[in-house]
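Visitor: One structure, pasted below without further comment.
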Amino acid sequence: MLAFFPLPLEAHDSVAAPRRSWDIFCQVIDNFGDVGVCWRAAAELVARGQTVRLWMDDASALQWMAPTPHPAGLTVHAWPTQLGDALTDIGAGVGDVVVEAFGCEIPAPFVQAIADRAAAGQAPVWINLEYLSAEDYVARCHRLPSRLMSGPAAGLTRWFFYPGFTADTGGLLAEQDLPTRQAAFDRAGWRTARGLQAGDYAISLFCYEPPALAELLAQLQPGPHSAEWQPRLLLTPGRATAAVDAAMQAQPDFKNIASHVLSICPQPQFDEMLWACDLNLVRGEDSLVRALWAGQPMVWHIYPQHDNAHHAKLNAFLDWLQAPGSLRSFHHAWNGMAAPSTLPLLTPQLLREWQACMLAARQRLRAQTGLIGQLLQFVAEKS
């Protein structure tokens, strides 16, 4: 079992900002990532004294990801489908800040309401919050204006805001109380409750259908492992469990692998799983960021795109991470960029090497202002 190193407790990213109202719009494309990022952003803005209305076209995942009661100051609204709905829900008017998450197209009635507010001399700060990437274009495009050329809001400006991994980008989302939560986490108790023994190496699996899944499972079968290497697979519900079930149907020997199926859980408990495990195989944007803050070895199953644009995105992340060769090779095999047979053999020594890489990366991130702090600074600058 690897050690767990909580984040330092010193004050960080304490940007002071006046109370403002925010409208955040989110349309669900990926399974949980879009919802997860928008909810965490909304909740952290509220924790820092803002009020937020979160508009979603599919908020069903919040039932388990962020059960009620929601924090005071944060309300969730259904995506308006017609003019009457939108005008009713706008209520007191458009917020001081409007955020389009991941390039979604906000409803036409809101665009009109934004234009009306601007005509009254109170234009909101209008932000297009983009996807996370370590590619070079992010720093070039971060904070760039985009003037609308047509429609009721013609002449107004939207601003591109790019999360990222370096100081010249929008940073990563982290709660101010994250170090306190990590420091208070009962890791031994968490592992015992899932049937883990003291020497087990816990491997969490949250993925799509990785091309090298069978190769990983073959490594985890009972066999002549070293006395130190006792892997235990923890399966998250949904596609990860389904993928493993399918692999076990194809290869019955895999049913002998020591595994535990986890329950669906709210975001804070998902974070704790990442802190408790010795290797986290994660997918999507939100869980990538959470795995980085965990500081434990991790592998990212990036969202696949039909034109393989995700290959450059993954390599840019690995470059920023300063990933050792074995971690880079694992990512490439796991994501179908290299033959599954090239998947490196997991060992305790390999995981310790990967953990050193993760802790160094986390330290670099910690030296930067996070996404929420930068958003607050940006809005203050443009208001």
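The values are calculated or read from the model by the stated rules, or taken from the named source; none is laboratory data. Source: prediction; values computed, not measured. Ideal geometry is used to build each Cβ from the backbone, glycine not excepted, and the neighbour counts take in all protein chains shown. Each accessible area value is taken on the protein alone, full model and side chains, heavy atoms only, with ligands, DNA and RNA left out. Shrake-Rupley method; radii C 1.70, N 1.55, O 1.52, S 1.80 Å.
Visitor: Please specify each residue of the stretch 274-294 satisfying the condition of being more than 11 Å from the chain's Cα centre (by Cα), outside any strand (DSSP E or B) and buried (at least 24 other Cβ atoms within 10 Å of the Cβ).
Guide: Matches in the stretch 274-294: ALA276, CYS277, ASP278, ALA294.
Visitor: Can you confirm whether the stretch 352-360 contains a residue that is under 20 Å from the mean Cα position of the chain (by Cα), part of a loop (DSSP other than H, G, I, E, B) and among the hydrophobic types (A, V, I, L, M, F, W, C)?
Guide: no
Visitor: Please pick out the residue among HIS331, HIS310, HIS301 that is more than 17 Å from the chain's Cα centre (by Cα), over 30 Å from ALA17 (Cβ atoms) and open to solvent by less than 50 Å² (accessible area, probe 1.4 Å).
Guide: The conditions single out HIS331.
Visitor: Right, next: On the basis of being in contact with an Asp or Glu (Cβ under 9 Å, 6 or more places away or on another chain), within 21 Å of ALA380 (Cα to Cα) and open to solvent by 10 Å² or more (accessible area, probe 1.4 Å), does ARG48 make the cut?
Guide: So ARG48 fails the test.
Visitor: Further question on the same structure: Name every residue in the stretch 361-374 that is in a loop (DSSP other than H, G, I, E, B) and open to solvent by 40 Å² or more (accessible area, probe 1.4 Å), in order of residue number.
Guide: If the condition is that a residue be in a loop (DSSP other than H, G, I, E, B) and open to solvent by 40 Å² or more (accessible area, probe 1.4 Å), then ALA367, THR369 are the ones that fit.
Visitor: Collect the residues in the stretch 1-43 that are part of a helix (DSSP H, G or I) and touching a helix residue (DSSP H, G or I) at 6+ places or on another chain (Cβ under 8 Å), keeping them in residue-number order.
Guide: Those that are part of a helix (DSSP H, G or I) and touching a helix residue (DSSP H, G or I) at 6+ places or on another chain (Cβ under 8 Å): GLY33, VAL35, GLY36, VAL37, TRP39, ARG40, ALA41.
Visitor: Go through the stretch 195-209 residue by residue and tally those that are surrounded by 17 or more Cβ atoms within 10 Å (Cβ to Cβ) and either among the hydrophobic types (A, V, I, L, M, F, W, C) or over 16 Å from LEU345 (Cα atoms) (or both).
Guide: Result for the stretch 195-209: 9.
Visitor: So which residues in the stretch 138-173 are open to solvent by 30 Å² or more (accessible area, probe 1.4 Å) and assigned to a strand (DSSP E or B), if there are any at all?
Guide: PRO145, SER146, ARG147, THR157, ARG158, TRP159, PHE160
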